[in-house]
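Down below is the structure, laid out as structure tokens.
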Amino acid sequence: MSAVINRDPMGLVLDRLEGVRRSGSGWIARCSAHEDRSPSLSIRDGERGILLRCHAGCTFSAITDALGLKASDLFHEPLSAPQRRQRATRAVLKGVVAESLVVVCAESSIRPDDQARLKTALARLRAALSLDGLQGRKEIERIAAFASRILAGEALDDTEREALTECTEWLSWLITDENKAGYAARLNGEFKHA
Ligand SMILES: [Zn+2]
């Protein structure tokens with residue numbers, strides 16, 4: 001366990017660079033490892049740490065040396081157990097959304113080939129339900145129930161079809177907190193007064 005708390009590798013790097021400006025989802029700055037007039041160092045936040053790339057071709061270690069940093073300073077703190085769990089359930093939820101879309105498509109037109117895929121979708125949805133701490137459980141249960149009815153050859157009525165679409169939409173909004181807030185705003189705003 002590292003004793004350092006609140007490590008901010010991005011802040012550490014940006015503080016040492018000159019000519020930093022925003023570029024897309026990352027930053028660009030003047031490279032410290034060579035005589036750089038135009039910003040040619042791109043800095044991005046990667047999954048495991050900070051990614052540095054000099055367009056003039058300086059190596060990663062030349063850049064970190066020039067910055068007075070060790071490569072390990074650029075890595076993110078390993079995820080805690082709850083963070084890892086949260087990331088895992090989020091990944092499952094993404095899968096659930098994909099499987100829910102299979103159910104939605106199967107509902108509108110099911111061909112013999114789709115039966116097997118729909119069965120897989122149902123199995124995956126049920127597997128997701130066995131996980132603790134998964135958001136959208138109620139919606140997933142409903143989608144799974146619809147899937148087994150479609151598999152049994154039953155047709156959904158208009159209300160049920162709408163519910164299937166809504167549950168799927170809700171799950172896809174759950175994937176990002178930003179979307180979740182947006183969706184809640186929509187629910188409280190336009191839908192409430194509709
Ligand atoms: Zn360079």
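Would you calculate, for the chain, the mean residue ellipticity at 222 nm contributed by helices, counting each DSSP H stretch of 4 or more residues as -39,500 (n - 2.57) and dividing by all residues, to the nearest 500?
-17500 deg cm²/dmol
GNM on the chain, C-alpha springs below 10 Å: top fluctuator among Leu93, Leu171, Leu69?
Leu69
Tell me which aspartates and glutamates have Cα within less than 19 Å of Lys70's Cα, excluding those fewer than 8 residues away on the same chain?
Straight-distance partners of Lys70: Asp8, Asp15, Glu18, Asp45, Glu47.
How do Asp114, Asp15 line up, fewest other C-beta atoms within 10 Å first?
Asp15, Asp114
Given R₀ = 22 Å, FRET efficiency for Ser130-Ala155 by Cβ-Cβ distance, to 0.05?
With a Förster radius of 22 Å, E is 0.15.
With a cap of 11 neighbouring Cβ atoms within 10 Å, and only residues DSSP puts in a loop, list the trypsin sites (Lys or Arg not before Pro) found in region 34-97.
Answer in residue order: Arg37, Arg48, Lys70.
Test of understanding: in a Gaussian network model of the chain with alpha carbons linked when under 10 Å, which of Ile143, Ile175, Ile28 would top the mean-square fluctuation ranking?
Ile28
Could you quote the convex hull projected area for region 44-165, Cα atoms only and averaged over all directions, in nm²?
Mean projected area of the Cα convex hull: 11.5 nm².
With only Lys, Arg, Asp and Glu charged, each at its Cβ (+1 for the first two, -1 for the last two), find how big the charge dipole of region 1-79 is about the Cα centre; round to the nearest 20 debye.
Approximately 180 debye in magnitude.
Per-residue HN-Hα couplings for region 39-55, Karplus 6.51 cos²θ - 1.76 cosθ + 1.60 at θ = phi - 60°, whole Hz, x for Gly and Pro?
x, 10, 9, 9, 10, 10, 8, x, 4, 9, x, 7, 9, 10, 9, 9, 6
I want to verify a result. In a Gaussian network model of the chain, Cα cutoff 10 Å, which of these has the top mean-square fluctuation: Ala121, Ala66, Ala91?
Result for the chain, Cα springs under 10 Å: Ala66 fluctuates most.
Can you give me the angle between helix 177-186 and the longest principal axis of the chain, using Cα atoms only, in degrees from 0 to 90, rounded to the nearest 10?
In the chain, helix 177-186 runs at an angle near 50 degrees to the longest axis.
Quick check: the distance between the Cα centres of region 80-104 and region 24-41, to the nearest angstrom?
Each part reduced to its Cα centre gives a spacing of 37 Å.
State to the nearest 20 debye the size of the charge dipole of the chain about its Cα centre, where the only charges are +1 on K and R beta carbons and -1 on D and E beta carbons.
On the way: 28 positive and 27 negative charges, 94 e Å.
The dipole of the chain has a size of about 460 debye.
In region 1-154, if the dipole is taken from +1 on Lys/Arg beta carbons and -1 on Asp/Glu beta carbons about the Cα centre, which of Gln83, Thr64, Ala98 is farthest to the positive end?
The listed residue farthest towards the positive side: Ala98.
Bear in mind these aren't lab numbers, they're just calculated from the coordinates by the rules spelled out. Fair warning: this is a prediction, and the values are worked out from it, not measured in the lab. All Cβ positions, even for glycine, are placed from backbone atoms using ideal geometry, and neighbour counts span all protein chains on display.
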